[in-house]
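Working notes, beginning with the structure itself.
The values are calculated or read from the model by the stated rules, or taken from the named source; none is laboratory data. Note that this is a predicted model, so its numbers are computed, not measured. Glycine gets a Cβ as well: all are built from the backbone with ideal geometry, and neighbour counts include every protein chain shown. With ligands, DNA and RNA removed, areas are computed over all heavy atoms of the protein, side chains included. Shrake-Rupley method; radii C 1.70, N 1.55, O 1.52, S 1.80 Å.
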Amino acid sequence: MRVTAPVIKDLVLIGGGHSHITVLKGFGMKPIPGVRVTLISRDALTPYSGMLPGLIAGHYTSDDAHIDLAPLTRFANARFIRDSVTGVDPVRRLVRLDAHPPLRYDVLSINSGSTPSMDDVRGAPGRAVPVKPISQFLAHWNALKTRVDARETQRTISVVGGGAGSVELILAVQYALASRGTQGEGGPPLKFVLLTADPEILSTHPPRVAARFRRILSERGIDVQTDTRVHEVRPTCVIDSGGREYPSDETLWVTNAGAPAWLRESGLAVDEAGFLSVDDNLRSTSHHEIFGAGDVATMINHPRPKAGVFAVRQGRPLLRNLKRALLGRHPIGFRPQRQFLTLISTGNQYAVASRGFWSAEGAWVWRWKDAIDRRFMRRFQELPEMAEPATQDLPTELADSVKAELEDDGMRCGGCGAKIAADVLSEALRDLEPVVRDDVIVGLDAPDDAALIAQQSDKVSVLSIDAFRPMVDDPYLFGRITANHCLGDIYAMGAEPQSAMTIATLPVWPKDKLVDELRLMLLGALAAFKTSGTALVGGHTSEGAEISLGFSVTGLIERDRVLHKTGLKDGNALLLTKAIGTGTILAADMRAKARGEWVDAALESMLLSNQSAGRILRANGATACTDITGFGLAGHLLEMLADTRLAAT
């Protein structure tokens, strides 16, 4: 993350929905110096709902229908936290996460989408496949195709729901399976059933549109059952509230949207269905520093259907009001339109268009829809070249607040070693639980001028030190990666780590931002150290131009079992314990040129400890070992060969 001004305000975005991708691009095009943007999303790829039926039908590739959040967040100079939200604490302004420590915010925006409501239907959560989250549905869809291909008897595929999403889905599924030859002559037939509790399909659309789709569904041989409220889902059938059974070997669920439970549990104002209540400014009616858009939110004065078109149209008003909130300005109201163009596909590159009482259908409507969808996706898939970081002064609204806060802190004494203030350090350490070891005499639990470690006479100490600028924008992940990397040199010597000391540099930020940044980095480091049984016993912090984090690590090993990098012998085989190329991927990521799945794979490798590999190499007679870091494979191999007459192939 390129940081060129003190971080004064934190904007946290929950979810990579259609509104938030507009917010991210907006901050990339015109950032506010002093505002740090953080996106929290479980997935690096966010699907565009408008292209989902085309993706299922086979008209689009996965790349066509997804927006990669990794390059988009890089373009926005935003942090990307890959995790699931479990709650919000609006009093302390914290977002609680599944696999990270809580994250603090000044302004929060929620655009995390919704999931079909199915908890009150017996058997549905385990047997029915919800269409949302779309990323999970696509995995189920691939498995369903495999099961259908292998069938030996007739199978029935049912879709529960009568809205546009349900109709599009069943038509796309039927077309896709027919295209695979799974309905050919001689094979067991497939039957398709649409079940809806409403008296008519597409009840929120004009009657003419419903009539068109009634005809299309009939022509395609799809059975439609209205006034059918599903009460229970079984392995081979569904049962309605009247006790009638409908055969169903595969049940897909596209009913009314459901809100995440943590919204209500967090104490935020919600509507009767549990969705976040927002006013005309897209701002929470109970907490004005929280905003919401898309399916997860309900505009109390202008309720609209849960449809992607509204999330797309809320993007720009949300961006405008988030910026105004961060600058302390009054938001500007937004009124969603009542009539809008609706384009509903039929699976076979044919579609129906409607607006108000007007409607039309044909292949030309599909081409029109396809052009609109592709144009929308290009806005976020083809990003402008990244500009140099903004160097202009902070906005007046933010500059005044940080100036006052920094003045209250007193003189920032660079002449005293530029050390972080004692109260900042103590607050950052407060939540840390150090590893307890019998041989640690003095450590974090009873800090002194230096740590004291008991020594064993038959072993030698192995000491190493390393430090890095952030290679990822997630401070917790940065701490884990850095600690894991610093342990690598100990494992490469064949030793077991014993203790570690921190070396951290932080920029001149307001106190609360410093506390958060240092705490998250150290919590991440502790997660890695605890796995290896390494005690974090102390360290040194200072202020500087940019963030850096490192650790000096001490290990122990028997003197005659040390692995040196200079121990190469003729005939040795070269073993790599991990894939190479993480540096290339991270370099591409910093230029918004790497795909999210590439970055995820690189990070997974960087988090993998070499502890087991070191033990295996030592136990099996390895003669030389080194830790591949900044010099790459070739650079470190040349180091190993330097004082020998050997060559390596």
At 1.4 Å probe size, with the rest of the protein present, what percent of the exposed accessible area of the chain is carbon and sulfur atoms?
51
Rounded to whole Hz, the Karplus (6.51, -1.76, 1.60) HN-Hα couplings of the range 130-139, x for glycine and proline:
x, 6, 10, x, 4, 4, 6, 4, 4, 5
Packing-based order for 34-44, 267-277, 555-565, using average beta carbon neighbours within 10 Å, highest first
34-44, 267-277, 555-565
Could you compute the FRET efficiency for Ala360 and Arg92, with r as their C-beta to C-beta distance and R0 at 45 Å, rounded to 0.05?
0.25
Of all DSSP beta bridges in the chain, antiparallel share, percent nearest 5:
55
Can you give me the angle between helix 511-532 and the longest principal axis of the chain, using Cα atoms only, in degrees from 0 to 90, rounded to the nearest 10?
80
What's the percent breakdown of Cα-Cα distances in the range 298-380 across 10 Å bins, shortest bin first?
15, 35, 31, 14, 5, 0
Using all alpha carbons of the range 79-128, what is the percent of pairwise distances in each 5 Å bin, ordered from the shortest bin to the longest?
5, 16, 21, 17, 13, 12, 11, 5, 0
Scalar couplings 3J(HN,Hα) for the range 47-55 by Karplus 6.51 cos²θ - 1.76 cosθ + 1.60 (θ = phi - 60°), nearest whole Hz, x for Gly and Pro, are x, 8, 4, x, 9, 4, x, x, 5
DSSP-defined antiparallel bridges as percent of all bridges, the range 1-132, nearest 5
40
Taking Cα atoms, the helix 396-408 axis meets the longest principal axis of the chain at an angle in degrees (rounded to 10) of 30
So, with points 7 Å from each Cα along the Cβ direction, the Arg316-His140 label distance in nm works out to 3.6
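Hey, what's the Kirkwood Rh for the range 98-162 if you take every pair of different alpha carbons, in angstrom? Walk me through the numbers on the way to the answer.
Working: mean 1/r = 0.0654 Å⁻¹.
For the range 98-162, the Kirkwood estimate is 15.3 Å.
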What does the highest-first list of 315-321, 222-228, 76-82 look like by mean Cβ count within 10 Å?
76-82, 315-321, 222-228
Per the rule of 0.36 nm per residue minus the C-alpha distance, extending Lys30 to Ala211 adds in nm 60.5 nm
Divide by every residue of the chain the summed helix terms, -39500 (n - 2.57) for each DSSP H run of at least 4, and state the resulting mean residue ellipticity at 222 nm, rounded to the nearest 500 deg cm²/dmol.
-10500 deg cm²/dmol
Suppose we keep just the DSSP beta bridges with both residues in the range 487-576; what percent of those would be antiparallel, to 5?
55
For His231, distant residues with modelled amide H under 5 Å away
Ile239, Asp240, Ser241
Taking 0.36 nm per residue of separation and subtracting the Cα-Cα distance, what length does fully extending Asp512 through Leu574 add?
17.5 nm
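Is the shape of the chain best called rounded, prolate or oblate, per the rule: a/c under 1.5 gives rounded, else a/b larger than b/c gives prolate, else oblate, with a ≥ b ≥ c the square roots of the Cα gyration tensor eigenvalues? Write down the numbers at each step before the final one.
Values: a/c = 2.31, a/b = 1.58, b/c = 1.47.
Since a/c reaches 1.5 and a/b is larger than b/c, the shape of the chain is classed as prolate.
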Can you give me the Cα centroid spacing of the range 105-160 and the range 599-644 in angstrom?
42
Given the C-alpha centroids of the range 476-497 and the range 17-67, what is the distance between them in whole angstrom?
34
If packing is taken as the mean number of other Cβ atoms within 10 Å per residue, what is the order of 599-608, 544-553, 469-478, highest first?
469-478, 544-553, 599-608
Using each residue's phi in the range 475-483, evaluate 6.51 cos²θ - 1.76 cosθ + 1.60 at θ = phi - 60° and report the 3J(HN,Hα) Karplus result to the nearest Hz, with x for Gly and Pro.
x, 5, 5, 4, x, 5, 5, 5, 4
